[in-house]
1. Would you look at the GNM of chain B, springs on alpha carbons closer than 10 Å, and say which of B:94, B:23, B:13 moves the most?
2. For peptide B:51-59, compute the average count of partner chain beta-carbon atoms within 10 Å of each residue's beta-carbon.
3. GNM on chain B, C-alpha springs below 10 Å: top fluctuator among B:80, B:17, B:49?
4. Expressed as a whole number of Å, what is the distance separating the alpha-carbon centroids of the stretch B:1-41 and the stretch A:1-27?
5. Connecting C-alpha atoms closer than 10 Å in a GNM of chain A, tell me which of A:103, A:40, A:75 has the biggest fluctuation.
6. If you take each beta carbon of peptide A:32-39 and count the beta carbons of other chains within 10 angstrom, what is the mean?
7. How high is the relative contact order of chain A, in percent, with contacts defined as C-alpha pairs under 8 Å that are six or more residues apart?
8. Averaged over peptide A:103-109, how many Cβ atoms belonging to another chain are found within 10 Å of each residue's Cβ?
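All of the numbers you see were taken from the coordinates with simple rules; none came from a lab. Bear in mind the structure is a predicted one, so any value in this text is a computation, not a measurement. With ideal geometry, Cβ positions are generated from the backbone for all residues, glycine too; neighbour counts draw on all protein chains shown.
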């Protein structure tokens, strides 16, 4: 099955700096890569996603890049703000034999944006 | 749009009792819903995939007789933890997949504490 590795596990940045979180996946058949932000005690919130036919996607201060050959994808947050502090999860999804799909999650990155 | 609700948000019960958690997609139809479990400071672990009108598909190691899933309509799935024990205490989160897409939106989670 799919295996997703995520680094770093914790990341501290100064307000206004950029933050980069990286993930690798094992199944070359995976074709959908979402990123979720989870605040303490809450459910994950989808912040951006990318499909395998696209190399990069940007939404304001957030961008995701995908390298299918190397099987890794990254989340980039620019001009970080204190409210960006949360746990971020990457995930990978592929089409299952017989239909359907499921997400395999990375281990999470605790991002702390310091004033 | 794409709002998923869960009820209750938290529940405390005695060992041996059963607890039902509801997951609703409020503004879209979800032919597929997913149930996850999350321990403190850990990633999300998929428990089962719930398809409307059919039996749920459970992940390896998840007891289907203990975690009963019903997906009776396109907007509602329920998870019943039967004969709950302290080791079942956890954060349970559902997600709903937008029809004909790969996108999953998560509910706010249910904190279960079994005494």
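1. B:13
2. Per residue, the number of nearby Cβ atoms from other chains is 1 on average.
3. B:17
4. Each part reduced to its Cα centre gives a spacing of 27 Å.
5. A:40
6. Mean number of neighbouring Cβ atoms from other chains: 2.
7. 36 percent.
8. The mean count of partner-chain Cβ atoms within 10 Å per residue comes to 4.
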